[in-house]
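Please treat every number below as a calculation from the coordinates, not as lab data. Predicted, not measured: the structure shown is a model, and the values here were computed from it. Neighbour counts run over all protein chains shown; Cβ positions are idealised from the backbone, glycine included.
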Amino acid sequence: MLPEQQGRYELTDYAIQDKVRVEVYWRDDRAGYGPAASIYAYDQEILRLDCFGEDNGTKGTGHCHINLRQTKARQWQYRPGSVRDHIEQAMHDLQENLNYCLQTNTDEKIQQTIIHSETLKPITQQVEEKMLGFMSQLNMD
């Protein structure tokens, strides 16, 4: 297991289009506990969605990362809410902000990648269902 994949369990991979995919899993590591998804373009993680809900004192709160390599994995915090609220925000970020992540990446071939909303919509629905399933499985509702 690669170091960046430690703490990721029951990983499911969905192809979005050529050279772009999303991995959905649940995390349990020092950063947090709960459903998560990572979007890769040309094998570079360009968006990570961590849906952890409120801080329970021992694990992190829900947040996202864009262009992890160039931002050194800095986080944008999700507003306070439940795991379900964070999954809803994450699906918005996936559907509405993925192209921004692609266009602002420093890698030129990633910048030129465009994901059409009609391509992304069914994938977003699958990702949401999987994350909600993990939420229930982990008794986080």
Correct choice for Cα extents along the principal axes in Å that was computed from the model, options (1) 59, 39, 31; (2) 41, 30, 30; (3) 124, 19, 14: (2)
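What percent does the relative contact order of the chain come to when contacts are Cα pairs within less than 8 Å and at least six residues apart? Walk me through the numbers before you get to the answer.
On the way: 258 pairs, mean separation 27.4, N = 141.
Relative CO of the chain lands at 19 percent.
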Cleavage-rule hits, trypsin sites (Lys or Arg not before Pro), the range 13-74, DSSP coil, Cβ neighbours within 10 Å at most 12: ARG30, LYS72, ARG74
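Under the classification rounded if a/c is under 1.5, otherwise prolate if a/b is larger than b/c and oblate if not, where does the range 72-118 fall, given a ≥ b ≥ c as square roots of the Cα gyration tensor eigenvalues?
Details: a/c = 4.50, a/b = 1.66, b/c = 2.71.
Because a/c hits 1.5 or more and a/b fails to exceed b/c, the range 72-118 counts as oblate.
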Count of Lys pairs (Cα-Cα under 24 Å; at least 8 positions apart or interchain) in the chain: 9
Ascending count of other beta-carbon atoms within 10 Å, so fewest first, for LEU11, LEU49, LEU68: LEU11, LEU68, LEU49
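At a 10 Å Cβ-Cβ cut-off, how would you order SER38, SER82, fewest neighbours first? Provide the component values of the computation, followed by the final result.
On the way: SER38 22, SER82 15.
Least to most surrounded, the residues fall as SER82, SER38.
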Cα-centre dipole for the chain with unit charges at Cβ (Lys and Arg positive, Asp and Glu negative), debye to 20: 320
Positive-end residue of TRP26, CYS101, GLN75, charge dipole of the range 3-136 with Cβ unit charges: GLN75
Ranked HIS92, HIS116, HIS86, criterion: other C-beta atoms within 10 Å, fewest first: HIS116, HIS92, HIS86
